[in-house]
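Let me begin by presenting the structure, written as structure tokens, before commenting on it.
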Amino acid sequence: MKVQQAAFSLGLDPKEFCSSVSLKYQTMFNALDISYTDFVRTTESRHIEAVNRFWMILEERGYIYKGTYEGWYCTSDEAFLSEGQTAERCNSEGKKIRVSLESGHQVHWVSEENYMFRLSSLRPDLLQWLQTDPIHPSVFHRVVSHWLEEELPDLSVSRQRSCLTWGIPVPSDSSHVIYVWLDALVNYLTAAGYPDPNLAPWGPATHLLGKDILRFHAIYWPAFLIAAGLPPPQKLLVHSHWTCGGTKMSKSLKNVVDPAECIRRYTKDGLRYFLLRHGAAERDCDFTHNTVCTLLNSELADALGGLLNRCTASNINPMQHFPHYHHESVPTTTHDQLHSLLKNLQKLPAEVDHWIRKFQVNKALESIDANIRRSNSFFQSQAPWKLQKGVEKEACWKDSVLYLTLESLRLYATLLLPAVPELATVALDRLGVPPNKRTLKGNSFFAATRGESCSFQGQIFGPDRGLLFPRLERSKKNTVRI
């Protein structure tokens, strides 16, 4: 209904309207270097086939029946709501309206004969599924647990074609169209090749979703799957929202952040890094231009970029290469500091892996940044620019400091490749790291400190492309100039 209304308001056919919206997403994915295995649309014939088959299975298994639905419906959320999920409020004109407690959007009373899904019978199955701890972060697990404390009403899964022409017709009754959320959720199966029996199923998967569609993914979707004899999702990773200046983004408030403009201002990797580093799944996070500038200047321009510039500068590294590491050159007073640095660096890949597996990318990037700062402190404290070339032990220690710092940078850039691929590639190019040695698997770091052979000793640097990440200038109007 929402799509149909939006399309008609613009004088467009619903499919034409959806195509224009879909193209915007694909364009933005490409602009941000976001890759995907498949891009599924509900208008595709393969998806319509999947939805028809899924519906017929639910019908055959006795989970769909024809009945009368009477209750509240939110067009904006495309959701049916119980009385307890709504409340009376006053709109901007002072007129009393009923709204969804969850979203704040207006609801309308609907009374019509629809096809119903026996959601009420699946509450025990959903409670059992919930015991497998499938919903993360835990705050959203508690929300779903609270919802399941009460009985679940059966769910209307169709709308009469007389009031909604946009949608997939019910296979056995063309006077009805299938409820958008039953239709849309089957997309996950479409991407896996359903219902083709010759394709190996993906099995239970991890779904990434926003908190505003939690009910559809944590109640309806697992219920649909269980009813169809399929396994429910293994994990639901739920993320919160971005606010702007502490306020929910809204077209009416004109505070919606434009990703295309952000790419122009901060670069695509700058935007990617900020969203991944500053965002936290369990709570809403604020987006302001000054916040972006502060974080990117501190972590990408100063900490990472500054360290790369310092140890590859021709005045401190005239040979423009990875020097050799000399065990015997380590000053007695530096042993403890060096041991601490190497201990942290050697456990960093496992630490990053731990946070990624827990879906806490922000903490993974926080760990990397903390170590970059340790490397900066070590480099500054050893002051290799002060060490004398003519004094053999000092010259050897200078080479060792540079080796340690360059190896640290190689590790950081490798770990950062998934988050900021273009920026990390520039750093690895500068370090002269061959393309086949830009992974953790099969490559060791700091081998020379363990007395092992290190192929990077003597490695010549790649081209100098200037600053890794130019500092962003903050303006008084909370905008930036690059």
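The values are calculated or read from the model by the stated rules, or taken from the named source; none is laboratory data. Predicted model, so just to flag it, every value in this text is computed and none were measured. Note that each Cβ is placed from the backbone with ideal geometry, even for glycine, and that neighbours are counted across all protein chains shown.
Laid out as a table, the results:
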| read-out | value |
| --- | --- |
| Flag for residue 59 being farther than 29 Å from residue 265 by Cβ, free of Cβ contacts under 8 Å to residues at least 40 places away in the same chain and either in contact with a helix residue (DSSP H, G or I) (Cβ under 6 Å, 6 or more places away or on another chain) or assigned to a helix (DSSP H, G or I) (or both) | no |
| Scope the range 14-32; condition among the hydrophobic types (A, V, I, L, M, F, W, C) and either in contact with a strand residue (DSSP E or B) (Cβ under 7 Å, 6 or more places away or on another chain) or assigned to a helix (DSSP H, G or I) (or both); matching residues | 17, 18, 21, 23, 28, 29, 31 |
| Residue 29 being closer than 21 Å to residue 181 by Cα and within 30 Å of the chain's Cα centre (by Cα) | no |
| Which numbered condition residue 149 misses (of (1) in contact with a helix residue (DSSP H, G or I) (Cβ under 9 Å, 6 or more places away or on another chain); (2) exposed (fewer than 13 other Cβ atoms within 10 Å of the Cβ); (3) modelled with pLDDT of 90 or more) | (1) |
| Residue satisfying all of: in the range 74-93; touching a residue at least 60 places away in the same chain (Cβ under 8 Å) and part of a strand (DSSP E or B); surrounded by the fewest Cβ atoms within 10 Å (Cβ to Cβ) among these | 80 |
| Scope the range 421-459; condition farther than 26 Å from residue 343 by Cβ, touching a residue at least 24 places away in the same chain (Cβ under 8 Å) and among the β-branched types (Val, Ile, Thr); matching residues | 426 |
| Residue within the range 94-101 that is in a loop (DSSP other than H, G, I, E, B) and either small (Gly, Ala, Ser) or in contact (Cβ under 8 Å) with a residue 12 or more places away in the chain (or both) present | yes |
| Criterion (more than 34 Å from the chain's Cα centre (by Cα) and modelled with pLDDT of 90 or more) met by exactly one of 114, 52, 91 | 114 |
| Filtered residues of the range 429-476 (kept if of a type in the set (Phe, Trp, Tyr) and either assigned to a helix (DSSP H, G or I) or more than 17 Å from residue 317 (Cα to Cα) (or both)) | 445, 446, 469 |
| Flag if residue 122 is in a helix (DSSP H, G or I) and either loosely packed, with under 15 Cβ neighbours inside 10 Å or in the same structural domain as residue 359 (by TED's automatic domain parsing) (or both) | no |
| Residues being under 23 Å from residue 371 (Cα atoms) and either touching a Ser or Thr at 6+ places or on another chain (Cβ under 9 Å) or part of a helix (DSSP H, G or I) (or both) - total across the range 308-325 | 8 |
| Residue list for the range 67-117, restricted to those being touching a helix residue (DSSP H, G or I) at 6+ places or on another chain (Cβ under 8 Å) and of a type in the set (Phe, Trp, Tyr) | 72, 117 |
| Filter result (touching a helix residue (DSSP H, G or I) at 6+ places or on another chain (Cβ under 8 Å), of a type outside the set (D, E, K, R) and part of a helix (DSSP H, G or I)) within the range 214-241 | 214, 216, 217, 218, 219, 220, 221, 222, 223, 224, 226, 227 |
